[in-house]
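Read the structure below first, then the notes.
The values are calculated or read from the model by the stated rules, or taken from the named source; none is laboratory data. None of the values given here were measured: they were computed from a predicted structure. All Cβ positions, even for glycine, are placed from backbone atoms using ideal geometry, and neighbour counts span all protein chains on display. Surface accessibility is based on the protein's heavy atoms, side chains included, excluding ligands, DNA and RNA. Shrake-Rupley method; radii C 1.70, N 1.55, O 1.52, S 1.80 Å.
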Amino acid sequence: MLRPYQRHLLFSYLANAARRLDRRDPVAADLASWVVDNAPVLDDEKPGEVVRRRRGRRERMADPGDPHLTEDGWAAFRQTLAGKARRAGRPKPDLMSRRLRRLSGITETSATDIRILEVLLLYETNPVIESVVDDVFMGGSRRACFNMRDSALPYFLDMSHRAVAMRFTPEAPLVRSGLVSVDDDGDLSLVERLTRLANLPGKDLGIRDILLGEPDRAELEWTDFDHVAESRDHVENLLRGALLAGETGVNILLHGPPGTGKTEFCRTMAARLGVPLFSIGERDKRGGEPNRVERLGDLSLAQCLLARGGNSLLLFDEMADLLPDPGWNSFFGMHGRHAASGGSKLFMNRLLENAPVPTLWTANTGDHIPEVLLRRMKFALELRLPPPRIRARIWSRQLARNDIEAEPGDALALATAFEAPPGVAAEVTAAARLTGGDIDSVRRGLQGLARALGCERPVQGVPVRFDLALMQSDTDLVGLADRLTDGNERRFSLCLQGPPGTGKSACVRYLADRLGLEVVQKRASDLLSPWVGQTERKIAEAFREARDEEAFLVFDEADSLLADRRHAVRNWEVSQTNEMLTWMESHPLPFACTTNFADRLDAATLRRFVFKITLDYLAPGQAASAFRGYFGIDAPPEISQLATLTPGDFAVVRKKAEILRCLDDPPTLAGMLREECDAKEERRRPIGFRP
């Protein structure tokens, strides 16, 4: 059913088209045929019957489907449509059209531009207009949008084809504002948000409210980003200053792995500043996945709407969507149907430089973002996985939000057992609430996701029965721990070398615990990469992570990262050692390396460690003390004959004995310890650092 104003527009469009068309044009026959076929929608009478009565004779038009319409019949058809257009009058514009006219005042578009938008928007939202365009001007095809080469717009609006084409040049207001985008095929696409002018009820809604929707709301708290406090505070000051000064070209990149809170950081930042944040470019006009052109159009429109609308921020998630497939030769050379649609380097440069509204961009990695764009960012902040203490706080809040009962230590247990990003905590707790579950449901759900994400980690703290006195070392470990704890110096390094199981990692964790520092532990497998330059990048990221989190950095299996360069056969073997050496010299916090093979370390590396500690197998007296400590009974005499015992051996045998229920059987325990010694590939040998 056509409303009065829509009827006025439709008959105006039809009358203009009929007046412009020659009767021999195939489109003329299609137009006449469409009008006759849709007479029940347009009117109770067919136009042909009206013409016959008005002319006073029983002459009808020729078959509307016949391309050779009679001259008199076509003239009568034109007169009929013109008459209906006059009788439709000029009713008061409907809500959509009134909104379009208010939009012109914000976007600085002309009355002609608004008439064009009116046609395009009616085509998107009104089936009658869609039908006449598709059946008459597009040859019956059902295309998704107008094309610049179509004749519908010029004929509907009584404009020349050239005049219409000029409205869609890159610098024309319709395109520059993001209201309409044009691809290389000439297809015209309305920005998705514009359909809200036709579909959203509410006479009192403002244009910005309609097109931008509700601002994003923050779910995390300011302190949830304490692990990047220095950068976080810098971004706050930068944005606050930009908003106060009305500065243009303010773009900030947030990059980091998925789920680390990039989007939530932006929302929390906006809440901190007390300004609205609008996410843009998330859906196309059909509610599906938008392409690059559609996302750019959404961005341009949002910037245009907010340029003079007061303090606000924009969020563009997944900046990589603006970049073409990295497999192509050019970063900016588009391919396929979007090849000419804003893919130039200059376009992207100007987009960032002239942005009237501060814009926050997110990306999972900055690796594939061209330097030409990175140089136009005011700041780039890397968001990594928060440390356990912050993850525990997020877990605690999510558990409470979803009404899941938990013990005081449950949140910390989840945070330490799984290196899961904050986004996982929200999803897992929400799933547990839906199942009516408890903390066990959360744990089960987290285990399943953790396996898929590879974020399940064994709890690595100071062992329960750890005792420095049970470690055979060439250094007074107790005295060293006391002095480091009592002093104010935090810039020192340690290298701990010795056979497996002698307690190297446990010693470092004990020292970090005494210093009140969390541990950032990196294994060689976490850092080594088959791609050139990636190992060096991961090494640098590890040092930065520990510095930002003010944590104790530990490299396990350090001989793989600090190999002797004299034996290198490939360039990357030298470069990764050089990278380690460079960061070791400048790192401002404690860090340690552990290795089973000190003789494989580069000599220059050893000179850079403040403390070099060698751990060895337990002496007989230590072995006896360890036996009492782990099993609660005196050691049998044969323990003194086992020369390669380590604290790790006692931990393994303790667990085995618990399973076999023989904790009170000294001979059996001694036999198990002997088996551990016999299983070692190498017997006692001289160890220690080379002079």
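Candidates in segment 172-186 are the residues that are in contact with a strand residue (DSSP E or B) (Cβ under 7 Å, 6 or more places away or on another chain) and assigned to a helix (DSSP H, G or I); of these, the one that is modelled with the highest pLDDT is Leu174. A single entry from Met580, Met584 fulfils the requirement of being open to solvent by less than 10 Å² (accessible area, probe 1.4 Å) and not in a strand (DSSP E or B): Met580. Yes or no: segment 494-504 includes at least one residue that is closer than 23 Å to Ala619 by Cα, polar (S, T, N, Q), open to solvent by 40 Å² or more (accessible area, probe 1.4 Å) and touching a residue at least 12 places away in the same chain (Cβ under 8 Å). Within segment 494-504 (the criterion being closer than 23 Å to Ala619 by Cα, polar (S, T, N, Q), open to solvent by 40 Å² or more (accessible area, probe 1.4 Å) and touching a residue at least 12 places away in the same chain (Cβ under 8 Å)), the answer is no, since none of the residues qualifies. For Arg491, are the conditions met, namely being surrounded by fewer than 19 Cβ atoms within 10 Å (Cβ to Cβ), among the basic types (Lys, Arg) and either out of contact with any Asp or Glu (no Cβ under 9 Å at 6 or more places or on another chain) or within 28 Å of Ser625 (Cα to Cα) (or both)? Yes, satisfied. Of the candidates Arg509, Arg465, Arg537, the single residue that is open to solvent by 30 Å² or more (accessible area, probe 1.4 Å), under 25 Å from Met580 (Cα atoms) and in contact (Cβ under 8 Å) with a residue 40 or more places away in the chain is Arg509. Comparison of Leu188, Leu197, Leu211, Leu220 shows that the only residue that is surrounded by 15 or more Cβ atoms within 10 Å (Cβ to Cβ), of a type in the set (A, V, I, L, M, F, W, C), touching a helix residue (DSSP H, G or I) at 6+ places or on another chain (Cβ under 9 Å) and under 30 Å from Pro421 (Cβ atoms) is Leu220.
Among the residues of segment 388-438, write down those that are in a loop (DSSP other than H, G, I, E, B) and of a type outside the set (A, V, I, L, M). Scanning segment 388-438 gives Asn402, Asp403, Glu405, Glu407, Pro408, Gly409, Glu419, Pro421, Thr435, Gly436, Gly437, Asp438. Within segment 144-157, residues that are farther than 15 Å from Leu117 by Cβ reach partners that are among the polar types (S, T, N, Q) and assigned to a helix (DSSP H, G or I) with beta carbons closer than 7 Å, at six or more positions or on different chains, in the pairs Tyr155/Asn16.
If the condition is being touching a residue at least 24 places away in the same chain (Cβ under 8 Å), of a type outside the set (Ser, Thr, Tyr) and either open to solvent by 30 Å² or more (accessible area, probe 1.4 Å) or over 16 Å from Pro667 (Cβ atoms) (or both), then segment 613-631 contributes Ile613, Leu615, Asp616, Leu618, Ala619, Gln622, Ala626, Gly629. Determine whether segment 275-284 contains at least one residue that is in contact with a helix residue (DSSP H, G or I) (Cβ under 7 Å, 6 or more places away or on another chain), modelled with pLDDT under 90 and farther than 17 Å from Leu360 by Cα. Looking through segment 275-284, at least one residue is in contact with a helix residue (DSSP H, G or I) (Cβ under 7 Å, 6 or more places away or on another chain), modelled with pLDDT under 90 and farther than 17 Å from Leu360 by Cα. When Leu527, Leu553 are checked against the criterion of being under 29 Å from the mean Cα position of the chain (by Cα), of a type outside the set (Asp, Glu), within 30 Å of Glu230 (Cβ to Cβ) and at pLDDT below 85, Leu527 stands alone in meeting it. I need the full set of residues from segment 374-384 which are open to solvent by less than 40 Å² (accessible area, probe 1.4 Å) and part of a loop (DSSP other than H, G, I, E, B), in order please. Answer for segment 374-384, where residues must be open to solvent by less than 40 Å² (accessible area, probe 1.4 Å) and part of a loop (DSSP other than H, G, I, E, B): Met377, Leu383, Arg384.
Taken together, Arg389, Arg401 contain a single residue that is more than 19 Å from the chain's Cα centre (by Cα), in contact (Cβ under 8 Å) with a residue 40 or more places away in the chain and open to solvent by 50 Å² or more (accessible area, probe 1.4 Å), which is Arg389. Could you grab the pairs with beta carbons closer than 7 Å, sequence gap of 6+ or different chains, first residue in segment 587-600 and under 29 Å from Lys680 (Cβ atoms), second one polar (S, T, N, Q) and surrounded by 22 or more Cβ atoms within 10 Å (Cβ to Cβ)? Taking only residues 6 or more apart or on different chains, the pairs are Thr595/Gln497; Ala598/Gln497. Look at Asp66 and say whether it is out of contact with any Lys or Arg (no Cβ under 9 Å at 6 or more places or on another chain), modelled with pLDDT under 90, assigned to a helix (DSSP H, G or I) and not aromatic (Phe, Trp, Tyr). So Asp66 fails the test.
None of Leu95, Leu103 is farther than 16 Å from Ser12 by Cβ, in contact with a Lys or Arg (Cβ under 7 Å, 6 or more places away or on another chain) and touching a residue at least 40 places away in the same chain (Cβ under 8 Å) except Leu95.
For segment 95-134, residues that are open to solvent by less than 20 Å² (accessible area, probe 1.4 Å) and of a type in the set (D, E, K, R) total 4. Lys345 meets each of the listed conditions (1) within 24 Å of Gly259 (Cα to Cα); (2) basic (Lys, Arg); (3) surrounded by fewer than 20 Cβ atoms within 10 Å (Cβ to Cβ); (4) modelled with pLDDT under 90 apart from (1). A residue that is open to solvent by less than 50 Å² (accessible area, probe 1.4 Å), in a strand (DSSP E or B), closer than 26 Å to His234 by Cβ and among the aliphatic types (A, V, I, L, M) cannot be found anywhere in segment 595-603. Out of curiosity, is Val610 open to solvent by 50 Å² or more (accessible area, probe 1.4 Å), of a type in the set (A, V, I, L, M) and touching a strand residue (DSSP E or B) at 6+ places or on another chain (Cβ under 9 Å)? The answer is yes for Val610.
For the condition surrounded by 14 or more Cβ atoms within 10 Å (Cβ to Cβ), in contact with a strand residue (DSSP E or B) (Cβ under 9 Å, 6 or more places away or on another chain) and in a loop (DSSP other than H, G, I, E, B), Leu517 qualifies. Exactly one residue out of Gly309, Gly287 is outside any helix (DSSP H, G or I), at pLDDT below 80 and more than 21 Å from Thr248 (Cα to Cα): that is Gly287.
The residues in segment 655-669 that are assigned to a helix (DSSP H, G or I) and surrounded by fewer than 19 Cβ atoms within 10 Å (Cβ to Cβ) can be counted, and the count is 9.
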